[in-house]
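The values are calculated or read from the model by the stated rules, or taken from the named source; none is laboratory data. Computed from a prediction, not measured in an experiment: that's the story for all the values here. All Cβ positions, even for glycine, are placed from backbone atoms using ideal geometry, and neighbour counts span all protein chains on display. All accessible areas refer to the heavy atoms of the entire protein, side chains included, with ligands and DNA or RNA removed. Shrake-Rupley method; radii C 1.70, N 1.55, O 1.52, S 1.80 Å.
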Amino acid sequence: MTQPCIICVAITGSVPRKADNPAVPITVTEQIESTHAAFEAGATIAHCHVRNDDETPTSDPDRFAALKEGIEAHCPGMIIQLSTGGRSGAGAERGGMLPLRPDMASLAVGSNNFPTRVYENPPDLVDWLAREMITYDVKPEIEAFDLSHIFRAREMADAGQLVGTPYVQFVMGVKNAMPVDRQVFDFYVETTRRLFGADAPWCAAGIGRNQIVLNEWAISAGGHARTGLEDNVRLDRETLAPSNAALVGRAVDLCARHERPVASCAQARDILGLAPAA
């Protein structure tokens, strides 16, 4: 039986603004509404950042709490994944929302270059975030910007720093980091299966115009897909994406083309080893 495909919607991120696309949801209310529409379109994971009123990124736990509460109320069973990314804060501030006990949180396990800066993930911070996720029963999504990050996840799992089978996401297309390359992608898949088992779940995310490319590669290869306005604000060069739901709809169409059913929330939780929704 073909495994259902989990669709993750990255609703906001830290970078895109209303000036880039008016559909980018900034306020908590906008994010809840946008997530609800994406949920109804087929998304079962919401990857969440929060913003200040001036659209700058923040790791404010109160804003995360309000967003989590709203998604739980309007998107029953949806997997809530909060970001511990480095654009929103520094040091322990990046994990200040973990006591909210979301289902999941992103975990970058190594550093790499970004377009204009180094994305710093020093080992002591990574280890602390991993410990906090164990403390609060939060499943990490391993953000693999580089091949070494997949091997680091294996080392952490062997050391008991990760519980259960890790969920690895390949991020491709960030300027100055890993480009979009099919042979590299295939090697990432092979390496993940070799290190974590043939049935280990994995996901892929493509940045900008490469979002749809990575969606198709992942869906056709048996993985899971991430889409959303955080990574890409356009449907094509001339057309802005009207919503997160529209980008989710493209991924749903790809699932149909490759004869992959779209995972329900219950199926996604089972695939990822998460507890059933309350």
Counting just the Cα atoms, what span does region 114-185 cover along each of its three principal axes? Round to the nearest Å and put the largest first. 35, 26, 17
Net charge, Gly77 excluded, C-beta distance under 13 Å - Lys, Arg +1, Asp, Glu -1: -3
With +1 at each Lys and Arg Cβ and -1 at each Asp and Glu Cβ, the charge dipole magnitude of the chain around its Cα centre, to the nearest 20 debye, comes out at 440 debye
Within the chain, what is the longest stretch that has no GluC sites (Glu not before Pro) placed in a DSSP loop and near at most 16 other beta-carbon atoms within 10 Å? 121-237
Within region 90-239: Cβ-based charge dipole about Cα centre, in debye rounded to nearest 20 (Lys, Arg +1; Asp, Glu -1): 180 debye
Per the charge dipole of the chain (beta-carbon charges, Lys/Arg positive, Asp/Glu negative, Cα centre), the residue among Pro16, Leu274, Phe145 reaching farthest to the positive end is Phe145
Find the relative contact order for the chain and round it to a whole percent, using C-alpha pairs within less than 8 Å whose residues are 6+ positions apart. 24 percent
Kindly report the accessible area of region 204-246 per residue (heavy atoms of protein chains, probe 1.4 Å, no ligands, DNA or RNA), in Å². 38 Å²
Using a/c under 1.5 as the rounded threshold, could you call region 1-71 rounded, prolate or oblate? The axes a ≥ b ≥ c are square roots of the C-alpha gyration tensor eigenvalues, and prolate needs a/b larger than b/c, oblate otherwise. prolate
Using modelled backbone amide H atoms (1.01 Å from N, in-plane), which distant-in-sequence or interchain residues come within less than 5 Å of Arg234's amide H? Ala241
Everything considered on the Cα gyration tensor (a ≥ b ≥ c; rounded for a/c under 1.5, else prolate if a/b is larger than b/c, else oblate), region 141-278 must be described as oblate
Before I look further, what does region 82-146 give for accessible area per residue, probe 1.4 Å, in whole square angstrom? 39 Å²
Pop a pseudo-label 7 angstrom from the Cα along the beta-carbon direction at both Glu33 and Asp181 and give the gap in nm to one decimal. 4.4 nm
Between Ala221 and Glu190, what length in nm is gained on full extension when 0.36 nm per residue of separation is reduced by their alpha carbon distance? 10.1 nm
For the chain, what is the mean residue ellipticity at 222 nm derived from helices alone (per DSSP H run of n ≥ 4: -39500 (n - 2.57); sum divided by total residues; nearest 500 deg cm²/dmol)? -11500 deg cm²/dmol
What shape does the chain take by its C-alpha gyration tensor, where a ≥ b ≥ c are the square roots of the eigenvalues and a/c under 1.5 counts as rounded, a/b above b/c as prolate, and the rest as oblate? rounded
Percent accessible area from carbon and sulfur atoms, the chain, protein chains only, probe 1.4 Å: 51 percent
